[in-house]
1. For the list (1) at pLDDT below 55; (2) buried (at least 17 other Cβ atoms within 10 Å of the Cβ), I need the number of the one condition that GLY118 fails.
2. One residue is enough: does segment 289-298 have a residue meeting the conditions without any contact (Cβ under 8 Å) to a residue 24 or more places away in the chain, surrounded by fewer than 11 Cβ atoms within 10 Å (Cβ to Cβ) and within 26 Å of ILE131 (Cα to Cα)?
3. Taking SER85, is it among the hydroxyl-bearing types (Ser, Thr, Tyr), touching a strand residue (DSSP E or B) at 6+ places or on another chain (Cβ under 6 Å) and modelled with pLDDT under 90?
4. So is ALA213 in contact (Cβ under 8 Å) with a residue 12 or more places away in the chain and under 16 Å from LEU51 (Cα atoms) or not?
5. Could you list, ordered by first residue, the pairs with Cβ atoms under 9 Å in which the first is in segment 157-181 and of a type in the set (Asp, Glu) and the second is assigned to a strand (DSSP E or B) and at pLDDT 85 or above, at least 6 apart or interchain?
6. Give the number of residues within segment 273-308 that are modelled with pLDDT of 80 or more and outside any loop (DSSP other than H, G, I, E, B).
7. Can you confirm whether GLY50 is open to solvent by less than 20 Å² (accessible area, probe 1.4 Å), assigned to a helix (DSSP H, G or I) and at pLDDT 90 or above?
8. So for segment 4-13 (the condition being closer than 30 Å to PHE189 by Cα and open to solvent by 40 Å² or more (accessible area, probe 1.4 Å)), does at least one residue qualify?
Amino acid sequence: MDVGDLVARAREGSPRALARLISLVENASPHLREVMAALNPLAGNAKIIGLTGSPGVGKSTSTGALVTAFRELGRRVGVLAVDPSSPFTGGALLGDRVRMQDHATDPGVFIRSMASRGHLGGLAWAAPQAIRVLDAAGCDVVLVETVGVGQAEVEIASLADSTIVLVAPGMGDSIQAAKAGILEIADVFVVNKADRDGAHQTVRDLRNMIALADRDLDAWRPPIVSTVASKGEGIDEVMETLDKHYAWLTGTGTLRKRRLARARDEVEAIAVTALRERMGDLHGHRRLDVLAGKVLDGECDPYSAAEELVSAVTDNGAR
C-alpha cells in the first residue's frame, strides 16, 4: 500500500481514498503509524464542531442543515456520524447516513458513519484519528455527531472546537436543565423543534441554568438559539453564533489551549493502550503470579506489587 499516494488522492477529493484511510484507522491497521505520520503535518486547519444531545432532539437533521449552510459558503465539509452498536451482535444500523441523503452526491461533502463498538462517551474510539484524516484531507469544517447520549457522556467536548448541545421541548423540566453533565459542556445551546409547545419554557429554563453557572467575567457565555432544523429555520443564527465563538476562541488563545489538551489526551490514550497490550503479554506470566501470591500472603501490598509489575512492563518495552 502506497500511503503517500492514498493521502494525495484524499486531498484531491477522492471519497474512496478518504474512506480507505478512515477504515485503516477503525481497523487499527499495521499501517496506521505511517498514515498518521503522513497526515499530521497537513492537519490543524479545519474547524471541528460537535453536535450532541439526547435521542430524538434532531441531531442528524441539524447536522444536515449545517452541511447545507456551509456548502452555500463554499466550504468543504466532513461529517462523522456515530451510531450505537448492538451489545449482543456488535452490529449497528448506520442510520445517520440515511438521513443525510441530500448530500450523498455532493463531491464537497464526505459523510462517514462509525459504529461506537461499545465505546462510552457518545463517540467511537477511533474518532480522534478519523477527525485528523478529514482535517488533513482538506475539509474546512468537520461536523461530529455523537450517539444519543446521557447526562454524563461528555467526551465530545474534548474533541471539538465548538460544542453544540441540542435540546427539544418536552425532553425535561427546569430541574433536568439544572443537572450537571452534558449541559455544562455547551458552547452553543440549540433548542430544536421550536415550533412545538413548550419551546419558550425550555429557553427560559436554559437561561436560568446559565445564569446560575459560576463563570469568570471574560468567559464565554453560551448563547441559546431556537431552530426548526427540518425547515432550515434558525440555522443562519446558529452559523453566526459559531463564527462569534470561533472568533472568541482565537482572540483569547483558548483555541490553542483546547487543541493542546486534545493532543495531550490522544498521546496519553495511545500510550495507555500500548501499556495495556504489554500488560496483556504479562498476564499469566510467572512474575504476575508471584506478585499476586505475595499480596495474598500479606508479604506485599497491592500498590507495591503493581509498581514492580509496571517496572517490568516498561523494562520489557525498553528492551
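The values are calculated or read from the model by the stated rules, or taken from the named source; none is laboratory data. Everything quoted here is computed from the prediction, not taken from an experiment. Here Cβ is always computed from backbone atoms with ideal geometry, including for glycine, and neighbour counts include all displayed protein chains. Just so you know, the surface numbers come from the protein's heavy atoms only, side chains and all, with ligands and any DNA or RNA stripped out. Shrake-Rupley method; radii C 1.70, N 1.55, O 1.52, S 1.80 Å.
1. Exception for GLY118: condition (2).
2. For segment 289-298, residues without any contact (Cβ under 8 Å) to a residue 24 or more places away in the chain, surrounded by fewer than 11 Cβ atoms within 10 Å (Cβ to Cβ) and within 26 Å of ILE131 (Cα to Cα): absent.
3. Here the answer is yes, as SER85 does meet what is asked.
4. no
5. Note: pairs meeting the criteria are ASP161/LYS47; ASP161/ILE48; ASP161/ILE49; ASP161/GLY50.
6. Qualifying residue count for the region: 16.
7. For GLY50, the condition - open to solvent by less than 20 Å² (accessible area, probe 1.4 Å), assigned to a helix (DSSP H, G or I) and at pLDDT 90 or above - is not met.
8. no
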